[in-house]
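Okay, structure first, notes after.
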Amino acid sequence: MFKFEGANILSVNQFDRESIEYIFRIADTMQPYAHRQKQTRVLDGAILGNLFFEASTRTRVSFGTSFNLLGGHVRETAGAGTSALSKGESLFDTARVLSSYSDVIAMRHPDIGSVAEFATGSRVPVINGGDGANEHPTQALLDLYTIKKEQQAHGASIDGMHIAMVGDLKHGRTVHSLSKLLCLHKNIKFTFIAPKELAMPTDIVDKIVSAGHECVISEQLEGHLDADIVYQTRIQQERFPTEAEANLYRGRFRLNQAIYTQHCKSNTIIMHPLPRDSRADANELDNDLNLNPNLAIFRQADNGVLVRMALFALTLGVQDVVSKYETPVHWYSNKGNTVI
Amino acid sequence: MFKFEGANILSVNQFDRESIEYIFRIADTMQPYAHRQKQTRVLDGAILGNLFFEASTRTRVSFGTSFNLLGGHVRETAGAGTSALSKGESLFDTARVLSSYSDVIAMRHPDIGSVAEFATGSRVPVINGGDGANEHPTQALLDLYTIKKEQQAHGASIDGMHIAMVGDLKHGRTVHSLSKLLCLHKNIKFTFIAPKELAMPTDIVDKIVSAGHECVISEQLEGHLDADIVYQTRIQQERFPTEAEANLYRGRFRLNQAIYTQHCKSNTIIMHPLPRDSRADANELDNDLNLNPNLAIFRQADNGVLVRMALFALTLGVQDVVSKYETPVHWYSNKGNTVI
Amino acid sequence: MFKFEGANILSVNQFDRESIEYIFRIADTMQPYAHRQKQTRVLDGAILGNLFFEASTRTRVSFGTSFNLLGGHVRETAGAGTSALSKGESLFDTARVLSSYSDVIAMRHPDIGSVAEFATGSRVPVINGGDGANEHPTQALLDLYTIKKEQQAHGASIDGMHIAMVGDLKHGRTVHSLSKLLCLHKNIKFTFIAPKELAMPTDIVDKIVSAGHECVISEQLEGHLDADIVYQTRIQQERFPTEAEANLYRGRFRLNQAIYTQHCKSNTIIMHPLPRDSRADANELDNDLNLNPNLAIFRQADNGVLVRMALFALTLGVQDVVSKYETPVHWYSNKGNTVI
C-alpha cells in the first residue's frame, strides 16, 4: 500500500490496485461534502499552493475548490506567471521558495518531468496537475473512479469490462494513463479506434497484451461500440505541426444519439476528458446526447472534485477525521439533487 | 415579487419595483458588516465561482469581497483564461463543468447574451457581471441604490426627481439600464445631454416617454445642470472605430467646481460609473470636485459592495439569518468612520 | 517609535532602529504559526487586497500566505490587470475605489512613487510591495531580519559586523535599502564588490561614511570574502539598454564551494535576494553551495513570511492578541522540522 501522508503524487505508476481502491473509498466519503449535504473544516487554516504555470481553468479551479471544500485556503498562480523562471532560476530554487508559502502544492507546468523536478526542491507534498505530454494522474484517477461508479450502478465492476477508446489515441495522455490503470485490473477488453496515424502507442498496447488483457485495434467506429464504456477524445490540435494537419482528423469519429441507438448497448456509458469540440464540423459527441442518461461526461467533472479531495485528505493525513470537524450548511444548495 | 433563492440575476428587466426595494432593504442591512462594525460568517464554507472571462479589476474584486464579507470562499478566473472555450467548447459545457466547482457564480464575458447562455448549463445560480454591450445589472442596481440613499439624505425620494445624464449616452450600458430602472418609478424628469451622434437610443427615450416621464434632450451642458442628480459618463473609446473618432468627443462636457457653483443646485449630487478620465484634456469630472461633499462617485463603489452582498444573500437564501452568525471584529478598522 | 496601527508602510526611511527591532520581535512570535506548530485566527474575516500591477509570483504569494496564516481572506490582482488605469484613471481614484474592497492593501507597481501616490487615496493601510526601481521595504526588512537571526545563531549581533555586497550594486534596490537600514546600527564594515560601471551609488556610500561606518570598495571578489555576511546579487538585466550590455557583467562574480572554502570564514553566511541565475555561464551562487549550511538564501524566503505577518499584525493592531485566537492544527506538516 502506498504511504500517502506527506507523499508526492506525480504519476499513476506510483499506485498498485489496493492503493487505488483506497483512494476511491476515501473519495466515496467526500460525496456528502461536495454535494453540500454536509460541511467540514478539517483543513481549516491549511494553505494550498495552486501553481499553474500553464493555463487550465477547469483543472486549476477543481483543485482549488476541492481544497476549499475541506476548509482550507488557496493561494494561486495562473498562467506563465513566474518571472523568476524566465530570469534563469532553477525549478529546484523555485520549489524551495514557493513551498515555504503553503502546506501542499498542486502544480501544472508545460514541460515533461518539470513537476517531478520541482518536487525534489519542495518542502511540502506536490500533486502533479499535468506536466506537458507526460502525466496528469488526477485525470486518470477520476476517469477510473467514474468507470467504477458507472459500472457499479449497472451491478458490474471494472474487472471483465469492455472499454472502447476513440479518437486521437496518440497524443492523449489521458487515454495512456487510464490504460495503465486499467491494466492493474483483470480481464479487460480494450478496443482502440483511431486513424492509423493517431493510433495508441505500441508500448501501451504491448503492456496491455502482456498483462493478459484483450486488445482490438480498428480504424472504424461502427461495429466496435457495443462496449461497457466508450471513451471519446478530442483531436489534440495543439500537438500537430499545423492546424491543417489536425483538421485532417477532426470530425472523423463522431458519435450522436442515432449512432448510439444503432451501435451501442442500451447502457453503454459515454465518457470524454473534456473539453469536447462543439463546432458543427468537428463535434465528437453531439449535443443530442445531452439527454442520454448514459452520457457521463459531466459526472466525470464532479468525480474530479471527489478524487482531488481524497488526495488532499490522504496527503495531509486527515482522511479518517473529516467528519470530526463538521459544521452545518445553512445556505441554499440544490447540488445534492441535481441529475446531470 | 421576484423569487430570489436559487435564481439567476441576468438583467434589470427581471425586477419590478417591489423586488428592487426589497434588494435595497437587504443592502441596507449589510452596511455594518461592510463597514466593519460587525462581522458575519453566514456563508461560511460556501464557494463563489468568480468567472471573469474579460478583465475588470474593480467589478471582479467587488464581487469577491462581497462574498468574503459574508464568510465565503472565492475561486477565481481573471482574464480570457478559458483555454477550453478556444478549443471549441460550448458555453453550455463550460457551465456544466465549472458550476460543479462552486455554489454560486458571478460572471463577466465580452459577448452579448453569453452569461444567459452559460446560465442554461449552470447547476448553480449565475449573476451577470457584464456581458459585453448588453447588461451589467449590478451596476444599474448600485447606481439606483446610490440615488435612493443620496436623495434620502436630502429628505427626498426617487419619485419626482430630476436626473441629468451626460456624455456618451449611446454606448454606455450603464445609463441605459439605469434609465430602465428609473422608469419603474413615478414622475421622473430625465435630461439627456450628449453630442447628437452619441445620443440616448430612441427606444429608451420612447420607453421613458410612454411611461409618462418627462424627457429633455440637449447638446449643451449649461442650463441643464440644476438637477437632483448629474450622472456623468466617460467617452467609451473602445466602442469607436478609431481613437481619433473617440477623441472628437473627449472633453466635450467637462464639469468642475466653478461650473458646479454656477449651474448646479446647492445639493446636486454628482455620479459617475467610473473610471473617470483624469487626463487634463478629457476629464469629465475635475479633481477640484473631490472636496465637494456632493460628489458621490466613491460612495457608489461602496454601495456596490452592499448591493452585491444583498444579491448573494438573497440568491443563497440567507438574507434573514445574516446576524445569527455574527463573530467579533478585533482588528483595526477605520472604515465605518471614513467620510468619502 | 513608529505608530504602526493604521499606518502605511512605504519606505525603509520611515523606521528608526527601535521600530525595526520591534517589528523583528513581533516577527519572532510568528514563527510557530508559520512553522505550523500553532495556528491562529486573529485576522478571521479581514480582507487583504493583494494588488500586483506588475508580476511577481513569490512576493505576491508571500504576502497572501502571510495574511492567510493570520486567518484572513485574500482578494488578488496579478499582472497589469487594471484596465481602468489604461482608461486614464488616476491612482488616487483607483485607490479610493479599490480600498473600499479590503481592510489592508499590499501593492506592487512598476512606477517609482506610484504606491505612495496610491496611498494618498486609500481608505486603508497600504504596504509597498515594490514600486519600480524605488523601494521594496519588506525585502529590506526580511534581509535585515535574516542577518540578525544568522548572526545570533553564531552568538554575534548586527553591530560590529562585516558585510560584503557583490554584483550589480547600481541597479539593485535591495542592496540600497539594506544599506540604509544597516546604517542605523553601529560600527558596520561594508565591502562593495562590483564592476566599476555597476558600483554602489555615491549618495549611499556617502551616507554610510558620514554615519561613521567603514566602507571598502573593490572590483575583485577574492580577498574580500572573509565577511560575516556575503550578500550576492543578480545582474538586473531588465535595467540595461540591451541584453548584450547586461551580458558583459553576467558571471563576473561567481561564488562556489571551492571559492567559499578558500576565501570565506568558516561561518560566513551567504545571502541573495533571489531569483539566482542557474544558467551555467552566469550562476552567481553555484548549486554546489546547496549543501553548505551557511547558505541562508532559502531561510530568507521563510523569514519574509514572518516579517510580512508581523507588518500585517502591527498595521491592523493585533500584534498582542495573536495567541488569543489559536486553533489546533490537525493535519500533516513537516515544516517545523525541515532544515533548509
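Data table
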read-out: Cα-based shape type of region C:138-298, given that a ≥ b ≥ c are square roots of the gyration tensor eigenvalues and the cut on a/c is 1.5; value: oblate
read-out: Test item: Cα-centred dipole of chain C, Lys/Arg +1 and Asp/Glu -1 on Cβ, debye; value: 680
read-out: Efficiency of FRET between A:His154 and A:Thr327 - r from beta-carbon atoms, R0 41 angstrom, step 0.05; value: 0.70
read-out: Debye, to nearest 20: dipole size of region C:145-296, +1 on Lys, Arg Cβ, -1 on Asp, Glu Cβ; value: 380
read-out: With eigenvalues of the C-alpha gyration tensor scaled by 5 and rooted, chain A, Å; value: 32, 24, 19
read-out: Prolate/oblate/rounded call for region C:141-230, Cα gyration tensor, a/c under 1.5 rounded; value: prolate
read-out: Selection from B:Phe24, A:His136, B:Ile193, by position along the positive dipole direction of the protein assembly as shown (Cβ); value: B:Phe24
read-out: Cα lying deepest toward the dipole's positive end in the protein assembly as shown, options C:Thr57, C:Gly71, B:Gly212, charges on Cβ; value: C:Gly71
read-out: Per-residue SASA entry for C:His136, accessible area with 1.4 Å probe, Å² rounded to 10; value: 10
read-out: Debye equation applied to the C-alpha atoms of region A:92-200, log10 I(q)/I(0) at 0.14, 0.15, 0.16, 0.23 Å⁻¹; value: -0.68, -0.75, -0.80, -1.15
read-out: Gain in span if fully extended, A:Asn13 to A:Ile112, counting 0.36 nm per residue against the direct Cα distance; value: 34.1 nm
read-out: Relative contact order of chain B, defined on C-alpha pairs under 8 angstrom at six or more residues apart (%); value: 21
read-out: Normalised contact order of region B:122-192, rounded percent, pairs of Cα under 8 Å and 6 or more residues apart; value: 36
read-out: Formal net charge of residues neighbouring C:Ser66 (Cβ-Cβ distance under 13 Å; K, R +1; D, E -1); value: +3
read-out: Accessible surface buried upon A-B contact (total; probe 1.4 Å; Å², nearest 100); value: 3400
read-out: Per residue solvent-accessible surface (Å²) - chain B, probe of 1.4 Å; value: 34
read-out: Over region A:138-298, relative contact order from alpha-carbon pairs under 8 Å, at least 6 apart, %; value: 22
read-out: Listed residue pairs exceeding 28 Å between alpha carbons, taken from A:Lys265/A:Lys335; B:Lys38/B:Lys180; C:Lys149/C:Lys186; A:Lys148/A:Lys335; A:Lys335/B:Lys148; B:Lys335/C:Lys148; value: A:Lys265/A:Lys335; B:Lys38/B:Lys180; A:Lys335/B:Lys148; B:Lys335/C:Lys148
read-out: Bins of 10 Å from zero: percent of alpha-carbon pairs in the protein assembly as shown; value: 2, 11, 19, 21, 19, 16, 9, 3, 0, 0
read-out: Sparsely packed GluC sites (Glu not before Pro) within region A:189-297, loop by DSSP, other Cβ within 10 Å at most 11; value: A:Glu222
read-out: Gyration tensor (alpha-carbon) shape descriptor, region B:226-311, a/c threshold 1.5; value: oblate
read-out: Modelled FRET efficiency - R0 25 Å, A:Asp288 with A:Thr29, Cβ distances, 0.05 increments; value: 0.10
read-out: Accessible surface of A:Cys264 - all protein chains present, 1.4 Å probe, nearest 10 Å²; value: 20
read-out: C:Arg239 accessible area, 1.4 Å probe, all protein chains in place, Å² to nearest 10; value: 80
read-out: DSSP-defined antiparallel bridges as percent of all bridges, the protein assembly as shown, nearest 5; value: 5
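The values are calculated or read from the model by the stated rules, or taken from the named source; none is laboratory data. No experiment lies behind these values; they were computed from the predicted model shown. Here Cβ is always computed from backbone atoms with ideal geometry, including for glycine, and neighbour counts include all displayed protein chains. Ligands, DNA and RNA are stripped out before the accessible areas are found, and what is left, the full protein with its side chains, is counted by its heavy atoms. Shrake-Rupley method; radii C 1.70, N 1.55, O 1.52, S 1.80 Å.
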